[in-house]
Amino acid sequence: MSQTATQTAANRLKDTGANRWKALVFISLAQLMVVLDSTIVNIALPSAQHSLGISDANKQWVITAYALAFGGLLLFGGRIADMWGRKRAFVVGLTGFALASALGGAAANEAMLLGARAAQGAFGALLAPSALSLLAVTFTDAKERAKAFGIFGAIAGGGGAVGLLLGGILTEYLDWRWTFFVNIPFAIIAALGAYFVIREPAGARNSSTLDIPGVVLATLGLVSLVYGFTRAETSGWTSVSTIGLFVASAVLLLSFGLVESKVKAPLLPLRVVGERNRGGTYLSLGLAIIGLFGVFLFLTYYLQVVQGYSAIKTGLAFLPMVAAFVTGSTQIGARLVTRLPARTLMAPGFGLAAVAMLLLTRLDVGSSYPGVILPGLVLLGLGMGSAFMPAMSLATQGVQPRDAGVASAMVNTSQQVGGAIGTALLNTIAASATTAYVAAHAVGASGSAGAQRLLQSRSLVHGYTHAIWWAVGIEALAALIALTFVNAPRPGSVKVASSEDGHGAGEADDSVKLPAAMH
């Protein structure tokens, strides 16, 4: 190689290194937007319902329309990112999300709002796996990857609580429509930054034809699964519609697995989920989210309904958890992930989250925030932050670049399904316990209004704590699965193979593949 060519290659490598960290800013900004949107609209829902005349029966569709589109299309979005290229999919996803948000903010009626929420979910299903897979193929050095995933994991885990605070501020001081409009500047900045800064590694696309049967089966199967849990929450677990959706989901997803094992270019290559460490990570992460979403939901109810907190005060109450999550992700997870195997961070992290939830089972009607809630939130943030960072990194580690999008989509799918299960399952458990408490104590209660309010508050808290006990067990199970299934060594000890090592495009090799442009 000539001296000029050598110098050019060196400059290109230096430029790529500088751009990586700039790219992280815009990728993280997009992730923050998606995570914020999962909670920010919840706070604005009562105002939007009143403004547009949405019935109580239909108000759930403002949340459900987004969840179904997002959860159902994630695998499809991940594969599109692999085929188009992550940068293009990322920019398209951001643009579509911004337009859908503008439509939602300008909604003149119920149909317009529900359509906007479904469009947000669809473009979010393209955006979320694109963002994570861009991170996976951009940061391949173990130490750099640890720092990048630490920042990304902190945003992914803490953004929901920030959404509660921001949603409360926007709804109270501006208007519910701003919970949609606020996405637009986020999207514009992230899209422009991505367009000019992100340099996707060469040779990372998947040129295989799209697996149409797989797309149809996966989308319908995931939609049926997510909607099944939504119906369970509103119609009950034994209703015909709930059981029918679960049966349909099982048939569709089993058919999907059979198709994927037969087709030449599957939507979800079984090598992605069949590898022990990734499979264990997806499963433990999904279980951890079940517990986290449940506790998040019940603490929000407890603070607002029982303690009488405003939406803004509730959001502020969750900020210590966000700070602890960021600390756990960036200061514990990111610093230790290159020194310790992933399971020695994931298992204790999920275990600490279980301990935090155990503290929260002590909640009573008059529990103090500093004495009971704050310690639980801080421990929960530290535990989940420490576990999330290595989990998200391991979920895409060892995947060939051509499969990075769909592997990233599986991370989001496990979180989305976990959230749906957590909300429906634990809410049903809490409601049943509340009803049982009222039935057992109503006879002895006096007829005064004060006594009735106290009975109502005690029954609600009993239901919340009963469900949190279940969350403790689920979180402990996540820790056990991480400990037994995940056996990957620390990242620095893994051999990293280049794309020039002779592996063909169709091989099921799970070594980390670095495109030639990244050497």
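Read-outs throughout are calculated quantities, based only on the coordinates presented, and are distinct from any laboratory measurement. Since the model is a prediction, treat every value here as computed from it, not as a measurement. Cβ coordinates were reconstructed from backbone atoms using ideal geometry, including for glycine residues, and neighbour counts include every protein chain displayed.
Miscellaneous remarks
- Helical mean residue ellipticity (222 nm; -39500 (n - 2.57) per DSSP H run of 4+; nearest 500) of the chain: -26000 deg cm²/dmol
- Take every Cα pair under 8 Å whose residues are at least 6 apart in sequence, average their separation, divide by the length of segment 275-425, and the relative contact order is 40 percent.
- Most to least packed among 363-369, 424-430, 253-259 [average Cβ atoms within 10 Å]: 424-430, 253-259, 363-369
- Taking every alpha-carbon pair under 8 Å whose residues sit at least 6 apart, the chain reaches a relative contact order of 22 percent.
- Neighbours of VAL259, meaning other residues whose beta-carbon lies under 15 angstrom from its beta-carbon, give a summed charge of +1 when Lys and Arg score +1 and Asp and Glu score -1.
- Dipole axis of the chain (+1 Lys, Arg; -1 Asp, Glu on Cβ), positive-most option in ALA106, GLY257, ALA194: ALA194
- Cβ-defined net charge surrounding GLY371, 13 Å radius [Lys, Arg +1; Asp, Glu -1]: 0
- Segment 342-449, relative contact order [Cα under 8 Å, separation at least 6], %: 25
- Summed side-chain charge close to TRP21 - residues other than TRP21 whose Cβ falls under 11 Å, Lys, Arg +1, Asp, Glu -1: +2
- Total charge dipole magnitude, segment 268-488, about the Cα centre, Cβ charges on Lys, Arg, Asp, Glu only, Debye to nearest 20: 240
- Packing around the peptides 281-294, 138-151, taken as the average count of other Cβ atoms within 10 Å per residue, puts them in this order, highest first: 281-294, 138-151.
- When the Cα positions of ILE468, LEU480, LEU360 are compared along the charge dipole of segment 268-488, LEU480 comes out farthest toward the positive end, with charges on each C-beta of Lys, Arg, Asp and Glu.
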